[in-house]
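Encoded as structure tokens, the structure appears first; notes follow it.
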Amino acid sequence: MKAFLKRYKVFLLLIIVNIIVGFALPEIGLKSLNLTKKNFIEMISVIPPIFILLGLLDVWVDRATMMKYTGKNSGLKGVLIAFLLGSAAAGPLYAAFPIAGIMLKKGSSLFNVFVFIGAWSTTKIPMLTFEAASLGIHFMITRLILSIIGILIIAGITEKLLNQEQQKKIYEINQ
Amino acid sequence: MFTYILYGLAGGGLAISFFKDRNKTKMALRKAWRSFENILPQFLSILIIIGLALAILSPETITVLLGTRSGIWGVIGAAMIGSVTLIPGFVAFPLAAALQKNGAGYMQIAAFVSTLMMVGIVTLPLEIKTFGKRATMIRNILAFAFSLIAAFVIGVVLK
């Protein structure tokens, strides 16, 4: 019980805040409650398959395979695989972090994991079609070209700005 | 639609896995549950924060901020709103399209869309759990800077 309270203290605090807001400003309180409910249903309906795939990935793909394809010495092929993995994904960015954690656990290189995160965040194929439909094909393509360059640069700089010790630590927290 | 594909993949994967090795499948499910339970507290908190933020910042407010104030302040404002909001692309793109029709510039919209996708202020706790504080900060700051640059390029190209 105590452990539960400790883990969920921020969540419980936010509920209290929401209730207070609800009493002070019923309109906003009710609206936020409805939004939270809608988001919760939407997210909880995408999450189960993601985590099941995650579990399967963890059990069936061994470290050697992941390292071979996306590890330090995987070269351009590794970057491409990480990029395609991220682009083929569905779901919000926060669903990508646990998957990135598994990739790290299995020995993917940090650069490739950052490429994966970048691709997941902006070049998801379903999103691109939707972007083109909403804002026009020119907007989508211009942003896509910029994003591909940006993803590589961001991944490169992020990796470079972490020293050996810090990189080791990231691998450690994902063991 | 993509949710169904995801379910199809997960279901198919589970079936094959179960057929090949029951114990491993059980282990996979246990791991799936454990990693979900691991992020649950942050996940629930984020949901409430989004609900509160969107209830206070109505679409009308967002439109006013992005539509009337053009130029660099509009871009920076759009980038900041994009960084703190967390709405799925399927909602964001129609919103962006509506903003654009109501007079917001491509530059502001590009800044909003890019930061929305790449920068996650509310999801920082989750990201830190995987990448640690330093890498998370670096990635988000770079993504923010990149979004501004991309916005300017798009604004110039699509004039």
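How high is the relative contact order of the stretch A:47-175, in percent, counting Cα pairs under 8 Å that sit 6 or more residues apart? Show your work: numbers first, answer last.
Values: 127 pairs, mean separation 32.8, N = 129.
Value for the stretch A:47-175: 25 percent.
Separation of the stretch A:46-107 from the stretch B:95-159 is 24 Å, based on Cα centroids. The Cα trace of the stretch A:61-173 gives Rg and Dmax of 14.6, 45 Å, the first to one decimal, the second as a whole number. When the listed pairs A:LYS124/B:LYS101; A:LYS160/B:LYS101; A:LYS169/B:LYS24; A:LYS68/B:LYS20; A:LYS6/A:LYS37; A:LYS9/A:LYS168 are checked against a 32 Å cut-off, the alpha-carbon distance exceeds it for A:LYS160/B:LYS101. Computed over chain A with a Gaussian network model linking Cα atoms closer than 10 Å, the most mobile of A:GLY86, A:GLY107, A:GLY55 is A:GLY55.
Inverting the mean 1/r over all pairs of different Cα atoms, compute the Kirkwood radius of the stretch A:1-48 and quote it in Å. Walk me through the numbers before you get to the answer.
Working: mean 1/r = 0.0829 Å⁻¹.
The answer is 12.1 Å.
For A:LYS72, the aspartates and glutamates whose Cα falls under 19 Å of its own Cα, not counting residues fewer than eight places away in the same chain, are A:ASP62, A:GLU159, A:GLU165, A:GLU172. Name the shape class, rounded, prolate or oblate, that the alpha-carbon gyration tensor gives for the protein assembly as shown, where a ≥ b ≥ c are the square roots of its eigenvalues, rounded holds for a/c under 1.5, and otherwise prolate holds if a/b is larger than b/c and oblate otherwise. Oblate shape, in that a/c is at least 1.5 and b/c is the bigger or equal ratio.
Every read-out reported here was derived from the displayed coordinates using simple, explicitly stated rules and does not represent laboratory data. Keep in mind that this is a model prediction, so the values were computed, not measured.
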